[in-house]
Amino acid sequence: YTKRASHLKLGNAPSMNTRPHLLDQDIIFVGGGNTMHMLRVWHEHGVDIALRDACDAGVVLAGISAGSICWFEWGLTDSIPGQMTPIKCLGFIPGGNCIHYDGEAERRPGFQREIAGGWPAGVATDDGVALHYRDDRLFRVVSSHPDARAYTVASRTGIAYEREVVPEEAGLGALVPPNQ
């Protein structure tokens, strides 16, 4: 196997032609950071379109923090210091996403408030929880922390409610289906 990890540097201009580079990857992993800034830079450089093409071509998309939020229709971000803000994202996965649900006190009430106020239902994750989607559907939830959980959050008549989702197994090895 000859593929190597690579890095797509975005600044004033992309460090390479993004579409062929992204389409040549097996996995695209996006780290954390300022979600609003990241999405704006991606849009300015056409990375959002290249990522959609990569997704449609079967490239695995993954990420943590802002790199989790970005794939959904919308997410709750702290990109503006001092406030939790709903933000429109790439829309590859339907609904919303909220990360750090147990790690930052403002996340849980902020996500529930936005959903009660009309944003689409979504999935929230405690730190250490991974969501595995297949064909726009939540397929599996795993965690590297035994007490961490995911939550589906929806609204009925303007009141948010959440349902706890207990990860199937602790450890990220659970993402690899048996016999593969």
task = Find the residue count for region 81-105, including only residues that are within 10 Å of the chain's Cα centre (by Cα) and aromatic (Phe, Trp, Tyr).
result = 1
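Name the single residue that is modelled with the lowest pLDDT among those in region 79-119 being of a type in the set (Gly, Ala, Ser) and surrounded by fewer than 17 Cβ atoms within 10 Å (Cβ to Cβ).
Taking region 79-119 and keeping what is of a type in the set (Gly, Ala, Ser), we get 79, 82, 91, 95-96, 103, 105, 110, 116-118.
Still in the running and surrounded by fewer than 17 Cβ atoms within 10 Å (Cβ to Cβ): 82, 91, 103, 105, 117-118.
Working: Gly82: 88, Gly91: 97, Gly103: 92, Ala105: 94, Gly117: 97, Gly118: 96.
By that ranking, first place goes to Gly82.
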note = Conditions (1) of a type outside the set (Gly, Ala, Ser); (2) without any contact (Cβ under 8 Å) to a residue 40 or more places away in the chain; (3) under 22 Å from Tyr161 (Cβ atoms) -> His145 fails only (3)
query = Is region 15-23 home to any residue that is surrounded by 15 or more Cβ atoms within 10 Å (Cβ to Cβ), modelled with pLDDT under 90 and either touching a His at 6+ places or on another chain (Cβ under 8 Å) or of a type outside the set (Lys, Arg) (or both)?
reply = yes
task = Please indicate, with yes or no, whether at least one residue in region 57-74 is of a type in the set (S, T, N, Q), within 25 Å of Asp147 (Cα to Cα) and either open to solvent by less than 50 Å² (accessible area, probe 1.4 Å) or under 15 Å from the mean Cα position of the chain (by Cα) (or both).
result = yes
ask   = Quick one: in region 120-151, which of the residues that are outside any loop (DSSP other than H, G, I, E, B) and of a type in the set (Gly, Ala, Ser) is surrounded by the fewest Cβ atoms within 10 Å (Cβ to Cβ)?
value = Ala130
Among (1) within 25 Å of His7 (Cα to Cα); (2) out of contact with any strand residue (DSSP E or B) (no Cβ under 8 Å at 6 or more places or on another chain); (3) in contact (Cβ under 8 Å) with a residue 40 or more places away in the chain - the single one Asp56 does not satisfy = (3)
query = Can you tell me which residues in region 116-127 are over 17 Å from the mean Cα position of the chain (by Cα) and on the phi < 0 side of the Ramachandran plot?
reply = Ala116, Gly117
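The values are calculated or read from the model by the stated rules, or taken from the named source; none is laboratory data. Quantities reported herein were computed from a predicted structural model and do not represent experimental measurements. Please note: Cβ atoms are built from the backbone with ideal geometry, for glycine as well, and neighbour counts cover all protein chains shown. Just the protein is used for accessible areas: all its heavy atoms, side chains included, with ligands, DNA and RNA removed. Shrake-Rupley method; radii C 1.70, N 1.55, O 1.52, S 1.80 Å.
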